[in-house]
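Step one of this worksheet: look at the structure below.
The values are calculated or read from the model by the stated rules, or taken from the named source; none is laboratory data. Since the model is a prediction, treat every value here as computed from it, not as a measurement. A quick note on method: Cβ atoms are made from the backbone with ideal geometry, for glycine too, and the neighbour counts reach across all protein chains shown. In case anyone asks, the SASA skips ligands and DNA or RNA and just uses the protein heavy atoms, side chains included. Shrake-Rupley method; radii C 1.70, N 1.55, O 1.52, S 1.80 Å.
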Amino acid sequence: MAVLLSLMAALSYGLADFCGGMASKRASAWGVALVASATGAVLVLAATLVLGGEPTAADLWWGAAAGVGNGFGTAFLYRGLSSGRMGVVAPVSGVGAAVIPVAVGVLLGERPDPLVWVGILLALPAIWLVARDPSGSPASAPGGVVDGALAGLGFGFLFVALAQVGDDAGLLPLAVNQVVAGVVIILVATALGQPWGPQRAGLLGGAAAGVLGAAATVCFLLATREGYLSIASVVTSLYPAFTVILAATLLREHVHRAQAAGLLLCAVAVTLVAAG
């Protein structure tokens, strides 16, 4: 069940990135990110009123901490997108988002089976190969590595913080996460001198990304309650594979050999993790 929920989270994150990426071609990437966060907050808050829950103060603080990681990671991911360095930012951030929770999970006492470890080790190069754009400009690599590392740090912290939310907390901590993420995006964009105001051209894509991103976050949270943080985070971090598949299917974008090899590794990694 943990693997299935994590795959659903990866699919939803992949769809969200596809929608957000398409919208960012027509409008400010920062504005799209802000619309996505606001939409996710409204959606999760509405679900909270229906489903209820009994969050403690600690749960809400963990939700806020996750929001800082979410907003921080999204801000630098979108900076890479807006500056044309996505081919470097995406693989670095994806690997970082997987490695950090695995390390924390091990420190907290998680001990996956040997077969799962093989799957985790295969997942890291798989993420890199799938997300890497071989046609990316080498000149953009240094800045892209920095943006990717910061985005990976943010997303890794998001995964770790969400895993600390209690089972009876309901979805209110996730609503807090979305609100705080939006505030952080505004603060980072302002500090970098970037326009963050939403634009009409990016509203629909941003809203779609927000709905899908919120669904992905819920699936990830449920996955951590069913299994190890290390397993849920690694499988969820395979989301670039779904973005590539969507781009190839809907936009007829060419899948490079490296990406095809990465997709194959993703399938093998998921199979090993599930078998373990």
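Give me P(r) over the range 24-128, computed from all C-alpha to C-alpha distances, binned every 5 Å, as integer percentages.
Spelled out bin by bin, the range 24-128 gives 2, 9, 13, 17, 16, 16, 15, 9, 2, 0 percent.
Can you give the extra length, in nm with one decimal, that the chain gains between ARG200 and THR249 once fully stretched, where that is 0.36 nm per residue apart less the Cα-Cα distance?
Stretched out fully, the ARG200 to THR249 stretch lengthens by 15.0 nm.
Give the relative contact order (percent, whole number) for the chain; include only Cα pairs under 8 Å separated by 6+ residues.
44 percent
Picking from GLY213, GLY197, GLY69, which is most flexible by a Gaussian network model of the chain using Cα springs under 10 Å?
GLY197
Using a Gaussian network model of the chain with C-alpha springs under 10 Å, which one of ALA90, ALA27, ALA58 is most mobile by mean-square fluctuation?
Highest fluctuation among the options: ALA58.
May I ask you to compute the full-extension gain from LEU264 to ASP113, defined as 0.36 nm times their residue separation minus their alpha-carbon distance, rounded to one decimal in nm?
52.2 nm
For LEU4 and ALA58, compute 0.36 nm times the residue count separating them, minus their Cα-Cα distance, and round to one decimal in nm.
Full extension from LEU4 to ALA58 adds 16.7 nm.
Quantify how much of the Cα-Cα distance distribution of the range 148-276 extends past 23 Å, in percent.
The calculated P(r) of the range 148-276 puts 47 percent of pairs beyond 23 Å.
Can you give the accessible area per residue of the chain, in Å², using a 1.4 Å probe?
Value for the chain: 43 Å² per residue.
Which percent of the accessible heavy-atom area of the range 1-133 goes to carbon and sulfur, probe 1.4 angstrom?
Summing carbon and sulfur atoms, their accessible area is 74 percent of the total for the range 1-133.
Of all accessible surface on the range 172-263 at a 1.4 Å probe, what whole percent is carbon and sulfur?
Answer for the range 172-263 is 67 percent, counting heavy atoms of protein chains only.
Can you give the calculated 222 nm mean residue ellipticity of the chain, where each DSSP H run of n ≥ 4 adds -39,500 (n - 2.57) and the sum is split over every residue, rounded to the nearest 500 deg cm²/dmol? All intermediate terms of the calculation are to be shown ahead of the outcome.
Working: 11 runs with 220 residues, N = 276.
Taking each H run of at least 4 residues, the total per residue is -27500 deg cm²/dmol.
If I model the range 1-58 as equal point scatterers sitting on the Cα atoms and use the Debye formula, what is log10 I(q)/I(0) at q = 0.14, 0.16 Å⁻¹?
Listed by q, the Debye log ratios stand at -0.58, -0.73.
Please build a GNM for the chain, connecting alpha carbons under 10 Å apart, and tell me which residue among ALA123, ALA181, ALA248 fluctuates the most.
Of the options given, ALA248 has the highest mean-square fluctuation.
Scanning the chain for trypsin sites (Lys or Arg not before Pro) in DSSP loops with at most 13 other Cβ atoms within 10 Å, what's the longest stretch left with none?
Values: sites that count: LYS25, ARG26, ARG252.
Result, exposed sites excluded: 27-251.
Given N residues in the chain, what is its alpha carbon radius of gyration divided by 2.2 N^0.38 Å? Numbers along the way, then the final one.
Details: Rg = 17.2 Å, N = 276, 2.2 N^0.38 = 18.6 Å.
Ratio of Cα Rg to 2.2 N^0.38 Å: 0.93.
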